[in-house]
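This report concerns only the one structure given below.
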There are 2 protein chains.
Amino acid sequence: MVVQLKSHENPIIKHVLKLINSKSFRKREKEFVIEGARLCENAVMSCVKIKNFFYTEKALERYKSTVELILKFAEKSYSVSEGIMESISDVKNSQGILCLCSMLDKQLCLDKISNVDKIVVFESIQDPSNLGTMLRTAEALGINEIILTQDCCDIYNPKVLRGSMGAVFRLLIHITCDLQALIHYFNDNEIKTYAAVPDNNSVIITNVDFNDGPCAVFIGNEGNGLKEKTINLCSKKLTIPMKGRAESLNAAVATSIIMWELIRGG
Amino acid sequence: MVVQLKSHENPIIKHVLKLINSKSFRKREKEFVIEGARLCENAVMSCVKIKNFFYTEKALERYKSTVELILKFAEKSYSVSEGIMESISDVKNSQGILCLCSMLDKQLCLDKISNVDKIVVFESIQDPSNLGTMLRTAEALGINEIILTQDCCDIYNPKVLRGSMGAVFRLLIHITCDLQALIHYFNDNEIKTYAAVPDNNSVIITNVDFNDGPCAVFIGNEGNGLKEKTINLCSKKLTIPMKGRAESLNAAVATSIIMWELIRGG
């Protein structure tokens, strides 16, 4: 069913804008918004439930097969003017394709992660572009299971969704509200726990054998790294040796090198 | 010598703005602009020539030792109001410290790179944030020599300078206007040439021994990769194996993994 939407004042428009801008509103409504032909098609292919689909006439011309695919799966579709699309779009050059989706269940149940092989845990990652890049990298390197602490930036943030190239839909992402319990669980179940730290007294990452049984690597906040408590609970500290005056890698790069090492020999 | 600068109309203000915004103007004047306590201090420590130094009273209070250091080395210094600083600053929350510097000589002379060990060559990198991150990563991993093609984004672009964390000042960066001649030079001098490509039929990067003599790795544009001509001139193609539906890494991440492999066993 396609509805012609002509007024900016329609409550659904305000609803979309609120979803784009507010994490707490997304959480309450259990909905999120995605944009662009590729990302929306990705969502359909990953069986994300499309509640509302908004598209322009131009998009129907330019991305015919994508629009027709989404029309098949969307519960309700709206044909909108360029002006309305612009008012709800979060990007500079909108492709005229936008979906309102139902959230996936990402709450952590420990029994769901019992078959751990290699898992990466992010603590308090704040920057949506960083998190998006990290998730995209995880998928490309074949790390399929990711755990995030509850205070990480929201995976349904538009920048995370875009930066991840849709990996948010395909990865097994769990959100945990009790990181300490998780580390205890890993330690008790012979899953090795590694804390990534910028500390030259730690084990150099190339000296760790990640294929010696299941393991979890913990990666911390961009500015402050892992919390002291987290580091102390992990069984080992590992580090990337660094040179130069800056002696620093940006968070997404450091994480990428760690994930690369994790799968490198596997 | 410190001058009180009170008018937005002073020609030096317009000169600074033009340097920030125009690559061709930077090139013509052989000058560039940097901002922030850390980056400006880095420039001084790297013997970059500071022609003009602009600072606010607040900066003098908050970053006393940095401001005093720059005052010693700057040819001419200007104490400016918050309003003037805001008008010339390129960042959201200016620290009130800005320097106009002389460009370093980065033109490629082949005799300057005769002692090649491991070198990375960037072809047509367009995004300043990517280039900044790549240079920062190169320094942190201990790759000290970088060659850029002339059509790469300008290393004196404010975003590159910031993103590189000052690595632009410390790395040996050469700009080449004849990439083909360079590859021939490498090939003729027993410097192995590797083209990085997203092609699963190429040598997997972990199977390359980068410690078997000097080598140069060529990395291409974010969207289009290396030019066909470049790939064909290189002696080998190498690739990062990728999984998942997106099968893609962002340019800075892919480059970081390549540079990591380059130094990993060294």
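The values are calculated or read from the model by the stated rules, or taken from the named source; none is laboratory data. In this text, all values refer to a predicted model and were calculated from it rather than measured experimentally. Glycine also receives a Cβ, built like all others from the backbone with ideal geometry; neighbour counts cover every protein chain displayed. Areas reflect the complete protein model, heavy atoms only, side chains present, ligands, DNA and RNA absent. Shrake-Rupley method; radii C 1.70, N 1.55, O 1.52, S 1.80 Å.
Side notes on the structure shown:
- Tensor-based shape of the range A:110-264 (alpha-carbon gyration tensor, a/c under 1.5 rounded, otherwise prolate or oblate): rounded
- Of the residues B:Asn42, B:Ala59, B:Ser94, the one whose Cα sits farthest towards the positive end of the charge dipole of the range B:2-102 is B:Asn42 (charges of +1 on Lys and Arg Cβ, -1 on Asp and Glu Cβ, taken about the Cα centre).
- Looking at chain B alone, DSSP beta bridges between its own residues are antiparallel in about 25 percent of cases.
- Cβ charges +1 (Lys, Arg) and -1 (Asp, Glu), total dipole of the protein assembly as shown, debye: 960 debye
- Per residue, the accessible area of the protein assembly as shown comes to 45 Å² when a 1.4 Å probe rolls over the protein heavy atoms.
- Sequence-separation-based contact order of the range B:110-264, relative, with Cα cut under 8 Å and 6+ spacing, percent: 29 percent
- CD proxy at 222 nm, helix term only [per DSSP H run n ≥ 4: -39500 (n - 2.57); per residue of chain B; nearest 500]: -11000 deg cm²/dmol
- Largest GNM mean-square fluctuation across B:Lys72, B:Lys227, B:Lys243, computed for chain B with C-alpha springs under 10 Å, falls on B:Lys243.
- For the range B:2-102, the relative contact order works out to 42 percent when only alpha carbon pairs closer than 8 Å and six or more residues apart are counted.
- Loop-located GluC sites (Glu not before Pro) in the range B:179-266, at most 12 other Cβ atoms within 10 Å (DSSP): B:Glu190
- Candidates per GluC sites (Glu not before Pro) in the range B:1-92, loop by DSSP, up to 14 other Cβ within 10 Å: B:Glu9, B:Glu75
- C-alpha center-to-center spacing [the range B:48-104, the range A:129-152] in angstrom: 39 Å
- Springs between Cα atoms under 10 Å define the GNM used for chain A, and in it the highest mean-square fluctuation of A:Met85, A:Met242, A:Met165 occurs at A:Met242.
- Oblate is the label for the range B:185-235, because a/c, from the alpha-carbon gyration tensor with a ≥ b ≥ c as root eigenvalues, is 1.5 or above and a/b does not exceed b/c.
- Partner chain coverage, peptide A:133-141 - average Cβ within 10 angstrom: 6
- Cα centre as origin, Lys/Arg/Asp/Glu Cβ charges: the range A:1-42 dipole, Debye: 240 debye
- Averaged over the residues of A:256-264, the number of partner chain Cβ atoms lying within 10 Å of the residue Cβ comes to 5.
- For chain B, averaging the sequence separation of C-alpha pairs within contact (under 8 Å, six or more residues apart) and dividing by the residue count gives a relative contact order of 18 percent.
- Cα gyration tensor category, rounded, prolate or oblate, for chain B with a/c compared to 1.5: prolate
- For chain A, size of Cβ-based charge dipole, Lys and Arg +1, Asp and Glu -1, in debye: 560 debye
- Accessible surface buried by the B/A pair amounts to about 2800 Å², both sides summed, 1.4 Å probe.
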